Structures are given as structure tokens and as C-alpha cells.
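**Student:** This is the structure I want to talk about, given as C-alpha cells.
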Amino acid sequence: MLIATIRTDLDAVALKQAFEAVPEMKVEAERVAAHSTRWTMPCLWIAAADFDAVDDALVADPTVDNVVETHEFDNEVYYHLDWADGVEEQVDAYIDKEGSILNAQATANGWKLEIRFVSRDQFTAFREFMTEQGYTFELLDLIEPGTPRISVVDLTPPQRDALIAAADRGYYEVPREVTARELADDLDMTHQSLSELLRRGTKTLITSTLSTSGDDEVTSSGTDSAES
């Protein structure tokens, strides 16, 4: 079993138009069901400065079929929504990949989802699905219960992108399906820059997952220009 925390686009889930209207609002799903899209994220806590604007934005958003009820508490409002069919189909696509959404939050920058997968193959299938759909897929954290924690929080974005691209394009296959120079050309960077990103990123992952000594701690504040 794997538990992955990812960040993806608003239109990969819902409420893109609502966030365009009220970009300062923050959304957190109270309840996320794993096996029935009918009950997926029907209840949201939303924080914002102007809830009249939020109400109007939700009503106008094409991913929301109906606002069933609301309850206001200080700086937050509890919304019970009926999602449009497209949202249910979208989440159903995730569930078809054996993914169980454990937590969901959203800001104007996108959705942050914590998803449980039965196996690594199912996680890979989910990632491939997101790529095929053209959605941004940023892996923030990956936990495999029973094994050392695999944390990618300390990776810089360029390191993470380079490692994912290298894995996706067969750089780590035996024999390799792409050379380092070919991969560097594809990513529009120098061979040296790619080599530094892969080396530093790999060291960070090894340190965070295999090392038991604090002496080898790796931080993400590298100074090489490839990571700026």
C-alpha cells in the first residue's frame, strides 16, 4: 500500500471557475469517500473574506450542480454540495485506479490530495492517467507503510522534475532507454546541470529513506544554478 500526497490543477477536480471569481478562498473537504463518487467530497469548509461572493461563485461554477445547505461559523462556512456529473466521473477515474482519496484541500494554486493506493503499479497507473489527461502532477510526499518513509518534500522542484522525467523516459532501465545527454536535450538543459540535479536528488532520497544518521542530512538549499 502507498499513500501519495500530490498537488494538481483545479480543473483536475473542481471549482476552477469559483476560484477565478474568489481567488482568496481556501477549501477543505470534510468527508471524502473512497468507494462511491455519489458521496465524494459533498461537504466543504470554506474560508474567505466575502461569503456572498463565495455563494455566487459556487452557484455559477459549472462543477457544482446545487448548493444543498450552508452553515456559517465565524470565519468559515460549511457547504453541502451536489457535484455536477463531470466531477463524479473525474473522481471515478481516480477510484478506477484503485485510489482512495483520504484528504483534499484547495486554494487558487490547485488541489492538494492525499490518496491511498493498493500497490505501486496502481500508483503508476494513476500518474500515467493524470499525464494523459494533461494535468499537472506534483508529488509532494510518498509513504509506504511498513517501510522507511519516502519523503520528497526536501527535493527542489527541478530535482523532482528531473528524477520523474528520468524515470518516465527509461533512464533507469537496464539497458537504458535514453542517455543522459538525450534526456538533457529533451529537458532543454546542459548535461552537467542534469547530472547535478539527478545526483543531488538521488542523494536526498537515499538520505531520507535509508540513512539513520543525522550526519548525512541533506537540505534543499543547494547553490548550483541548475536549481534556481
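**Student:** Taking θ = phi - 60°, what integer Hz values does the Karplus form 6.51 cos²θ - 1.76 cosθ + 1.60 yield along segment 170-184, in sequence order, with x for Gly and Pro?
**Tutor:** With coefficients 6.51, -1.76 and 1.60, one gets x, 5, 9, 6, 10, x, 5, 8, 8, 7, 4, 5, 5, 5, 4 Hz.
**Student:** Here is a follow-up. Expected output is a single nm value to one decimal: the length gained when fully extending between Gln17 and Asp85, i.e. 0.36 nm times separation in residues minus the C-alpha distance. What is it?
**Tutor:** Working: separation 68, 0.36 × 68 = 24.48 nm, distance 1.62 nm.
The span from Gln17 to Asp85 would gain 22.9 nm if fully extended.
**Student:** Once fully extended, how much extra length lies between Ala49 and Asn75, figured as 0.36 nm per residue of separation less the alpha-carbon to alpha-carbon distance?
**Tutor:** Working: separation 26, 0.36 × 26 = 9.36 nm, distance 0.77 nm.
Gain on extension, Ala49 to Asn75, equals 8.6 nm.
**Student:** In nm, what is the difference between 0.36 nm times the number of residues separating Lys203 and Ala167 and their Cα-Cα distance? Could the numbers behind the result be given before it?
**Tutor:** On the way: separation 36, 0.36 × 36 = 12.96 nm, distance 1.57 nm.
Full extension of this stretch gives 11.4 nm more.
**Student:** For segment 2-143, compute Rh as the Kirkwood radius over C-alpha pairs and then the Stokes-Einstein diffusion coefficient at 20 °C and 1.002 mPa s; write the answer in µm²/s, rounded to an integer. Before the final figure, lay out the partial values.
**Tutor:** Working: Rh = 15.2 Å.
Taking Rh from Cα pairs, D becomes 141 µm²/s.
**Student:** In terms of modelled amide H atoms, which long-range or inter-chain residues lie less than 5 Å from the amide H of Thr63?
**Tutor:** Here Leu15 satisfy the definition.
Each value in this text was obtained by applying a stated rule to the coordinates, not by laboratory testing. These numbers come from a predicted model, not from an experiment.
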